[in-house]
Amino acid sequence: MIEQRRIVRTALPGPVSAELAGRRRAEVSAAVSGGNDIYVAEASGAILVDVDGNRLIDFGSGIGVASVGHSHPKVVEAVTAQASGYGHTCFMVSPYGGYLDLCRELNARTPGDFEKRSVLLNTGAEAVENAVKIARAHTGRPAVVVFDHAYHGRTNLTMAMTAKVQPYKDGFGPFAPEVYRVPMAYPYRWPTGPQHCAEEAFAEFASRVHLQVGEDHVAAVVLEPIQGEGGFIVPPPGFWRLLREWCDQHGVVLVADEVQSGFCRTGDWFAVEHEGVVPDLVTSAKALGGGLPIAAVTGRAEMMDAPVPGGLGGTFGGNPLSCAASLAAIEVMESEDLAGRARQLGAILTSRLEGLAGSFPQVGEIRGRGAMMAIELVTPDGSKSPDAALAKAVVAGCAKRGVVMLSCGSYGNVIRMLPPLVTAFDLVDDAMDVLAEAFAEAVG
Ligand code: PLZ
């Protein structure tokens with residue numbers, strides 16, 4: 001294991017990174033962008049070693065993937081053993097037990113004590129898209145209801161389900177039909193304030209669906225338990241319960257998109273557990289694979305079995321290497337109690353972020369749960385005007401000091417923290433010191 005300490009030896013990005021960044025412009029589509037131009041050579045736990053020998057603290061986890069830490073020895077061992085056995089056969093052609101073992105884990109760990117089934121796929125977007133296929137096959141209805149600030153992926157259907165046009169949708173239409181958007185219960189920005197946000201947002205949802213879609217045309221309502229790319233928006237208590245009751249009343253499939261929030265990130269195995277609500281279908285990806293690409297839809301057996309035989313699948317879905325990595329990662333989450341660790345990280349992050357908010361009135365809100373925390377930055381004049389430029393400057397200031405932070409939010413003004421759940425507490429403190437320094441520098 002690489003020593004878990006931040007070391008900055010060169011200017012960041014360093015000279016070797018700068019050279020690679022030059023090559024990137026010549027080789028890679030300019031449409032793949034973002035990030036910090038600091039190239040990785042090695043990683044373990046919560047530390048990224050770059051090509052110039054700097055050690056960075058990773059508070060992005062490859063967008064919430066490295067929950068068990070980078071290159072966890074148990075995951076490496078499992079993948080290595082699997083690769084020397086067989087790497088790919090295609091489950092639909094020549095099946096293998098790892099696929100069954102992982103489906104068993106998913107069926108057992110997702111909320112709900114009813115009979116469940118799973119299907120394994122490659123990416124979060126593919127999982128969301130398949131959840132919609134399943135809901136449509138089960139209900140025989142076309143419509144999907146999604147929310148403001150939602151992020152569900154970059155495929156044609158999931159682009160339609162994603163709210164934000166820049167950069168995800170611009171120039172990529174026409175989009176899939178039968179996707180309807182309603183306001184999100186966003187307590188910080190709810191017009192009448194947070195107190196009645198759940199009831200009022202639900203009333204708006206119910207009325208719009210009634211007037212503009214028709215309840216009996218709706219196959220599924222899809223929502224992230226904590227909205228990820230949209231700004232780590234935590235719905236107010238009760239909102240999920242109201243949606244659950246409405247779905248029950250109208251025979252609509254309730255889908256929790258747990259691609260970013262699932263697998264211990266928020267201090268529970270799934271973030272929706274906190275709401276006391278059981279969804280019909282759950283999508284998983286990211287942390288599920290322990291670093292390898294894999295995704296899943298899990299849910300009620302009668303829904304999962306509704307599509308025609310052969311209707312779900314794909315060449316690589318649940319490939320043996322990813323299943324092995326995933327089973328090892330789940331074992332690590334269990335044996336190292338990473339859900340508990342996420343809660344501890346959440347407590348530390350919250351107290352440090354409160355300190356930051358005390359010094360900087362630009363911190364409009366601290367929100368999130370467990371190791372999925374964020375600050376929303378606004379102008380300090382009481383107007384709550386989003387300050388995306390400040391978020392960008394703070395993230396850049398962190399990067400040059402050797403801490404990888406990500407921004408998010410419809411307005412680009414949210415800084416999010418997604419540390420590996422194994423991050424040592426002194427590293428969290430160090431990263432929070434860096435955040436404060438970067439903040440002080442950015443506000444001048
Ligand atoms: N659902 C809730 O967070 C992926 C994407 C970043 P894929 N989020 C990070 C980017 O700019 O592409 C995500 C998510 C939720 C679905 C997805 C899609 O997952 O594995 O990226 O397809």
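Each 10 Å bin from zero holds the following percent of Cα-Cα pairs in region 74-335: 7, 31, 36, 19, 6, 1.
Using a Gaussian network model of the chain whose springs link C-alpha atoms within less than 10 Å, name the residue from 322, 44, 67 with the highest mean-square fluctuation. Maximum among the listed residues: 44.
Across all Cα pairs in the chain, the calculated P(r) in 20 Å bins from zero up to the longest distance comes to 25, 59, 16, 0 percent per bin. If you take the alpha carbon atoms of region 300-370 and fit the smallest convex hull around them, that volume is 185 Å³ per residue.
Each Cα pair under 8 Å and six or more residues apart adds its separation to the average, and for the chain the resulting relative contact order is 22 percent. For the options 167, 13, 307, a Gaussian network treatment of the chain with springs between C-alpha atoms closer than 10 Å singles out 167 as fluctuating the most. Summarised as an ellipsoid, region 6-75 has semi-axes of 22, 16, 10 Å, derived from the eigenvalues of the Cα gyration tensor scaled by 5 and square-rooted, with the largest first.
Centre-to-centre separation between the Cα atoms of region 292-367 and those of region 220-244: 15 Å. The alpha-carbon atoms of region 385-441 define a convex hull whose volume equals 76 cubic angstrom per residue. Take the Cα coordinates of region 236-353, assign each an equal point scatterer, and use the Debye formula without solvent to give log10 I(q)/I(0) at q = 0.18, 0.20, 0.23 Å⁻¹. Relative scattering, expressed as log10 I(q)/I(0), comes to -1.06, -1.18, -1.31. For the options 382, 370, 409, a Gaussian network treatment of the chain with springs between C-alpha atoms closer than 10 Å singles out 382 as fluctuating the most. Expressed per residue, the C-alpha convex hull volume of region 79-215 stands at 201 Å³. Dividing the radius of gyration of the alpha carbons in region 217-275 by their Kirkwood radius gives 0.98 for Rg/Rh.
For 242, 223, the sequence from fewest to most other C-beta atoms within 10 Å is 242, 223. Give the Debye-formula value of log10 I(q)/I(0) at each listed q (0.11, 0.24 Å⁻¹), with one equal scatterer per alpha carbon of region 56-154, two decimals each. Debye output, listed in q order: -0.53, -1.41. Expressed in Å, the radius of gyration and Dmax of the Cα atoms of region 88-139 are 12.4, 34.
Principal axis analysis of the Cα atoms in region 297-444 yields extents of 61, 34, 26 Å, listed in decreasing size. For region 80-138 and region 161-215, what is the centre-to-centre distance using only Cα atoms, to the nearest Å? Their Cα centres are 30 Å away from one another.
Readers should treat all values here as calculations from the given coordinates under stated rules, not as data from a laboratory. A quick note: this is a predicted structure, and the numbers were derived from the prediction, not measured. Positions of Cβ are backbone-derived with ideal geometry, glycine not excepted, and every protein chain shown enters the neighbour counts.
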